[in-house]
Amino acid sequence: MRLFINGEAAEAPDGTAVTELLKLRRVSQPDMVTVELNGEILERKTFDTKVLKEGDRVEFLYFMGGGSR
């Protein structure tokens, strides 16, 4: 199926759940990624059961800490 991941077209097998997509995309620190699906932030506990559909828009959001001197 065709998806859009971080604004770019991508392919994934039908029936792919969010957890599987993170593995397919080789996300190195999946515990540190927030996933937005079609404009809605997903709860981490739904990653295993949330199955993606044709045309879904997925954003992987990485939050970084920092500060000033």
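Apply the a/c threshold of 1.5 to the C-alpha gyration tensor of the chain and tell me whether it is rounded, prolate or oblate.
In terms of gyration-tensor shape, prolate.
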Inset, instruction - Putting +1 on Lys and Arg Cβ atoms and -1 on Asp and Glu Cβ atoms, find which of Leu24, Asn38, Asn6 reaches farthest to the positive end of the dipole of segment 2-62. - result: Leu24
Inset, instruction - In whole Hz, with x marking every Gly and Pro, tabulate ³J(HN,Hα) for segment 28-43 from phi via Karplus 6.51 cos²θ - 1.76 cosθ + 1.60, θ = phi - 60°. - result: 6, 10, x, 6, 9, 10, 9, 10, 10, 10, 6, x, 10, 6, 8, 6
Inset, instruction - Excluding Asn6 itself, calculate the net charge of residues whose Cβ lies under 12 Å from the Cβ of Asn6, where each Lys or Arg counts +1 and each Asp or Glu counts -1. - result: -1
Inset, instruction - Evaluate the relative contact order of segment 2-62 (contact order divided by residue number), counting alpha-carbon pairs under 8 angstrom at least 6 apart; express in whole percent. - result: 51
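When ranked by the protection proxy of mean other Cβ atoms within 10 Å per residue, highest first, what sequence do the peptides 46-56, 11-21 form?
Highest-to-lowest ranking by the protection proxy: 11-21, 46-56.
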Inset, instruction - Given the options Val27, Val35, Val58, state which has the largest fluctuation in a GNM of the chain using a 10 Å cut-off (strictly under) for Cα springs. - result: Val27
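Read-outs throughout are calculated quantities, based only on the coordinates presented, and are distinct from any laboratory measurement. Keep in mind that this is a model prediction, so the values were computed, not measured. Cβ: placed from backbone, ideal geometry, glycine included. Neighbour counts: every protein chain shown.
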